Every structure is written in structure tokens, then in C-alpha cells.
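Trainee: Structure below; questions to follow.
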Amino acid sequence: MDYSSSRPRPENGTIHPAPGRAERRRKAGRGRRKGRSRPSEWCHSMAACSFRRSIASQLSKVLDLPPENLIKAISAVPVSKKRHVADFQLSIASIAEDGSSNCLTENLQLQAQKLAERTVLQQVLKDGSEYGVKSELFSTVPRQKAVIEFSSPNIAKKFHIGHLRSTIIGNFIANLKVALGHEVTRINYLGDWGMQFGLLGVGFQLFGNREKLKSSPLQHLFEVYVEINKAAEDEDTKKLAKDFFRRMEEHDEQTLSLWKQFRDFSIEEYIRIYERLGVHFDEYSGESFYQEKSQEVLKMLEDKGLLQKTTKGTGIVDLSEKKDLSSFSTVMRSDGTSLYITRDLAAAIDRMNKYSWDTMIYVTDKSQSNHFQHLFQILKLMGYDWAERCQHVSFGLVQGMKTRRGEVIFLEDVLNEVRSRMLQNMASAKTTKEIEDPVETAEKVGLAALIIQDFRGLLSSDYQFSWDRALQSRGDTGVFLQYTHARLHSLEQMHGNEQLTDVNVACLQEPDAISVLQHLLRYDEVLYRSSQDLQPKHIVSYLLTLSHLAAVAHKTLPVKGSAPQLAQARLCLFQAARSVLANGMKLLGITPVTQM
Ligand code: ARG
């Protein structure tokens, strides 16, 4: 049983449904007035009522309260996909507020409140970057080995906004898992094999330039690819490209050495650009690694009787329940070569052998959902039980991201664009002081803007991209988070950044101070939610609220001019708020700035 005081409080004796249920009702069009429902609806089943009664009657003996008063304070924990057990929470505040509270509950509530509010500051400052992740909420979560595959662009093709989303989402999941003590391997699985390299090889022989390949490989290879694609209409070029790729598959040294240069130079440039994003990988893998291992996979499928040949000569695996081929996956071309999914099968098995992971996560847009479903199904058919521990984290499409150069082709263009736009905004803002490194600051603030815009909603939702909305200085943006962080930081600087010890937090009595304290208390719950459903939005809305509360408190609770003890306590409050804000931002992949 959870003990929390976060349950909606009863009003006029009416009981609100658990938020999850109300939400679903509204969506299903069955909602009545917003947030209201009759008690009979809440006790939607006799089973739930009697559970509460039984818990209440046991608690009533300990608390010396009539069970009726307790029943209302017990609520079911909102349903979530991940949570398979039913559970209840008890709101201490609502027991005490009931009017019939006795000494014990009054005490309990007071204790809960004081204990929490008084100790939270010490806890935040003591735990530093570990505040929240050390919570008892995580004490029963086993430490795991996780493989997270994300970003995974294709060499010589566009780096589209989907790759950017994959990059920041994967990075967030990896950060969160690491913070919670899991062992994480970050893999970038490049599109570095396939017919496009046949074309690219031929194209490079025709239009390539070694100097350009070295200085800006991504741009040059893309140009060559576009150029050769135009030429590929004619049959001769097509044949040359086919030949080139065939030689690659046959391990011809010369063709492979050119291919390897394409790959190596591209990775070098990628590493440099990912660094601007604050992203790194433990492994640059790619489809090319699994060309041979795919043949082993095909052999295994054959041995297990799972591989069927079609009349066209391709190889397929029947995925239907009734084995009537109503659903199947093609795993082999008619010439015996592998496909995207075959290489993914080989990669999954290889990673299991290499890392013996407990969980493996793939981050791509939702257009690949079918692909991953098939992948996991085939692994299962092959007898790999760990297929159940593979997860596809999918996300929606983003419309309308354009840079001054037009449609997005390179990641670097996006980063340059957001930086220059931010720089412009900073220059025109009157409040901007002399900043040591404006370009660097603009980059970090701009990135925060991109990340928050992307993480605000459910990952699976599509959204319309807008530079202006993302870069607003007011409102729920990354710019606002950075601004709040910088302001809190300079407040600390102004007051000597002294180590605060023996602070009398009891003098923080104002509602605006209590709100911040109360909000700080919730950080672990929010981390827990995000760790369960891997959605960053819980942390995002938490940090936005924290920033709003801190901004209000900053206005109403001056440090300067207050009595020393009060000034100290307030400083301590702001320091704690900044610390949690910074921790949360870092998890999201944002580097907090100290001036802007
Ligand atoms: N390179 C692929 C693309 O751009 C994404 C790879 C996703 N990962 C995988 N294991 N299939 O569409």
C-alpha cells in the first residue's frame, strides 16, 4: 500500500474518481461535468468497495477511527499499462480534514507535513544529484543491464527529424536508467549497408572528391548520392551499382576499403555533432556487421523448419496463429541475400551473446512498429524467450521543421539554426546581461527549447514544429527553464554561495515557500512514473511547475533585506529548487546554463 497525500480531496462529501478513470471516461465520451461524478460511479464495482472496506476496517483498529471515515481516504492507484497489480493509497490529509479527526490523525497529519517539509531541504542538499533516485520508491527495483539503441541514421541519406527525436529520446532513457543505477550500453545502429552503397560507390567514382569527403563527409556523400540517383535512371549505371554492391558482399578489398572510408569519416563527423547535443555512444554498430551473421540466422530458421520458400524464390516466416500465412515476414531475397529484418535478427542475438542484457530498447518512429513486432515475433518462434524483454519505444511524426536552408537534411543545420535564432533573441532582449560566451549559451538554451517542445506531450503524439513557440521566453518552454535556472544561480552567487549549515527551515512559513517545499517532495514520484512508462513528459511538467513556483517565490520572498536567519532559510530553499531543477534538466539531456 502506498501512503501519499496526493489524492484528490473529497468535497461536500462527494468523492472524485481516480484521475485515470475520469480521464478515460471523458475520452470515451461518457463524461458528465468535468471532474465530477457520483459516488456510485466511483465505487464502480462491489469488489473495489469491499476491498476498501476491508482495508479501512483493519486500519480503523490501529488508528482508532470509524472505518467510514477511512474508506473515503483510500483510493485506488491510477491504472497504468505497466502496472499489473491493483493497489490503493491512503491520503493522510483527507482523514484529518474530515472534521471527525481525532488527536492521532491530527498528529499524523501534522507529522507527515512537518516531517516532509522540514527535512526535504536537508535531503535535497545532502543527496545532490542523487536526490530522488535514492528514494525508497526504487529500493525494490532490481538493477538491470539495459541495451538502448537509438539515433541510427543512414549514411549518405537524410538525417531527418525522426532521427533527431530518436537521438534525444534514447539519450533521455539512457540518462534516466543510469541515474537509477542500471548498467546501460548505448548503441548507434547505422544504416551502413545495402544497395545504396553500390550507387554511392559508383557515384563517388564519377563525382566524388577526396578532399570534400575528408572535410565534410556527410554533406559530400549526400550530394554524390543525389547526383548518382539522377543518373541511375539509365540501365548502365544501375548495372554498375549492382556490380559494386555484389563485390562488397563478396568482400572485394578495393570496394570495401572505399566503403570503409565513407563509414569512418561519417562516424567521425557524427561524433563531433553528437557532442554538441551532449550525446555519446558506447558502440557504433550497423547493418554491415550482420551481413554474414544473417546467413547463419537464415540457416537457423531453416533448421527449425521456420523458413518457407515462395514461388518467387524469396524466404518467408509464417507469423500467423493458424499457420495460414495470413501474416508473414520476408527474411530472404530471391538471390539468397539478407534484408533489414534479417540483419536485425542477427543483431539482437549477437547483442544478447555479447551483453546478456535484461532489457533491450529500440527507439524509432512509429512507422517501424510493424517491423519490430515482426522482429520480436520471429525471435520468439526461434525459441528465444528473451524476445519478451525487447521493447520498441516508438514516437510520433513531427511536421513542418524547416531551416533557412530549407528542408532538414543534416543534424548540424538544426543545431546551427536554433543557436542563431536564440542568439538573435538574446541580443534583442533587454534583460540579457554581458554573457561570457553567448554562442555557447545560445546553443544550450536553444537545445533546451528543442527538447522541451519535443518532450512536452506523449511521445507517440505527432506535433507541428514551431521555432517561435519553442523559443518563447515566457510560457512552458526550455528557455523558461534555463532562465529560471540562471536566475536562481545568480541569486546564490550574489549571496556569496556560502555552504548553508544549521539552517532554521521552520521560518519558511509563507504559502509560496510551502508550495516549493511540497513540490520538491514529489520529485521521486515523478521519476518513478517516467521510469515506468519511459515518457519524459512527467519530468517536463514537473520542472515547468517547479520553475513557476520558484519564480513566484523569488518575487515574494526576498533574501536581500530579510533578517539573517530568514535570509539563510530562503537561500536554502532557492538552492534546493535550483539543484532539483538542474538534476531534472540533465536527465532530459539539457545542460543548465548559469547566465543568460
Ligand atoms: N537506420 C534506420 C532508419 O533510419 C533505423 C534503424 C532502427 N534500428 C533497428 N535496429 N532497425 O530507418
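Trainee: Tally Lys and Arg at +1 and Asp and Glu at -1 over the other residues with C-beta under 11 Å from the C-beta of Asp264: what net charge comes out? Write out the running numbers ahead of the final one.
Mentor: Working: positive: Lys214, Lys260, Arg263; negative: Asp192, Glu268, Glu269.
Local net charge: 0.
Trainee: Work through the residues other than Ala582 whose Cβ is under 14 Å from its Cβ and net out their charges, Lys, Arg +1 and Asp, Glu -1.
Mentor: Details: positive: Lys444, Arg487, Arg578, Lys586; negative: Asp127, Glu130, Glu492.
Surrounding charge for Ala582 is +1.
Trainee: Once you sort the root eigenvalues of the Cα gyration tensor of the stretch 443-596 as a ≥ b ≥ c, which label holds: rounded (a/c under 1.5), prolate (a/b larger than b/c) or oblate (the other case)? All intermediate terms of the calculation are to be shown ahead of the outcome.
Mentor: Working: a/c = 2.35, a/b = 1.71, b/c = 1.37.
Verdict is prolate for the stretch 443-596.
Trainee: Roll a 1.4 angstrom probe over the protein heavy atoms and tell me the percent of accessible area of the stretch 414-494 that is carbon or sulfur.
Mentor: On the way: 1860 of 3900 Å².
Reported share for carbon and sulfur atoms: 48 percent.
Trainee: Within the set of other residues whose C-beta is less than 14 Å from the C-beta of Ala241, count the net charge using Lys and Arg as +1 and Asp and Glu as -1. Can you show the working numbers first?
Mentor: Working: positive: Lys230, Lys238, Lys239, Lys242, Arg246, Arg247; negative: Glu227, Glu233, Asp234, Glu235, Asp236, Asp243, Glu249.
With Lys, Arg at +1 and Asp, Glu at -1, the net is -1.
Trainee: On a full-extension model of 0.36 nm per residue, what is the gain between Glu253 and Met494, subtracting their alpha-carbon distance, rounded to one decimal in nm?
Mentor: Details: separation 241, 0.36 × 241 = 86.76 nm, distance 6.41 nm.
Between Glu253 and Met494, full extension yields 80.4 nm more.
Trainee: Please report, as a whole percent, how much of the solvent-accessible surface of the stretch 496-596 comes from carbon and sulfur atoms (probe radius 1.4 Å). If you can, show how the numbers build up before the last one.
Mentor: On the way: 2060 of 4090 Å².
Ligands and nucleic acids excluded, carbon and sulfur reach 50 percent.
Trainee: Another question about this same structure. Just reorder Met360, Met494, Met300 by solvent-accessible area, largest first, 1.4 Å probe, all chains present.
Mentor: Values: Met360 0, Met494 135, Met300 60 Å².
The ordering from most to least exposed comes out as Met494, Met300, Met360.
Trainee: Beta carbons within 10 angstrom, averaged per residue: use that to sort the peptides 66-72, 367-373, highest first. Don't jump to the answer; show the numbers that get you there.
Mentor: Values: 66-72: 18.1, 367-373: 14.3.
Peptide ranking by packing, descending: 66-72, 367-373.
Trainee: Averaged per residue, what accessible surface does the stretch 456-520 expose to a 1.4 Å probe, in Å²? Please list the in-between numbers first.
Mentor: Numbers: 3270 Å² over 65 residues.
I get 50 Å² per residue for this part.
Trainee: Further, regarding this structure: Just need the relative contact order of the stretch 286-361 here, percent rounded to a whole number, with Cα pairs under 8 Å and 6+ apart.
Mentor: Values: 89 pairs, mean separation 21.6, N = 76.
Reported relative contact order: 28 percent.
Trainee: Right, here's the next one. Normalised by the residues of the stretch 454-579, what does the relative contact order come to in percent, with Cα pairs under 8 Å and at least six apart?
Mentor: Working: 102 pairs, mean separation 43.8, N = 126.
It comes to 35 percent, rounded to a whole number.
Trainee: Over the stretch 104-247, calculate the relative contact order: mean separation of alpha carbon pairs under 8 Å at least 6 apart, over the residue count, as a percent. Don't skip to the end; give the middle numbers.
Mentor: On the way: 133 pairs, mean separation 33.4, N = 144.
The value is 23 percent.
Trainee: Would you work out the Kirkwood radius for the stretch 400-459? I mean one over the mean of 1/r across all pairs of different Cα atoms, in Å. Please list the in-between numbers first.
Mentor: Details: mean 1/r = 0.0798 Å⁻¹.
When all Cα pairs of the stretch 400-459 are included, the Kirkwood radius is 12.5 Å.
Trainee: So what is the accessible area of the stretch 289-403 per residue, in Å², with the probe set to 1.4 Å?
Mentor: Numbers: 5750 Å² over 115 residues.
Heavy-atom SASA per residue in the stretch 289-403 reads 50 Å².
Trainee: Measure off, as a whole percent, the carbon and sulfur share of the 1.4 Å-probe accessible area of the stretch 256-354, all protein chains present.
Mentor: Working: 2510 of 5010 Å².
Here carbon and sulfur together make up 50 percent of the probe-accessible area.
Trainee: How would you rank 394-403, 476-485, 177-186, highest first, on the average number of other Cβ atoms within 10 Å across their residues?
Mentor: Details: 394-403: 15.6, 476-485: 24.2, 177-186: 18.1.
Ranking, from highest mean packing down: 476-485, 177-186, 394-403.
The values are calculated or read from the model by the stated rules, or taken from the named source; none is laboratory data. The shown structure was predicted, so the numbers you read here are calculated from the model rather than taken from an experiment. All Cβ positions, glycine included, derive from the backbone under ideal geometry; neighbour counts span all protein chains shown. In case anyone asks, the SASA skips ligands and DNA or RNA and just uses the protein heavy atoms, side chains included. Shrake-Rupley method; radii C 1.70, N 1.55, O 1.52, S 1.80 Å.
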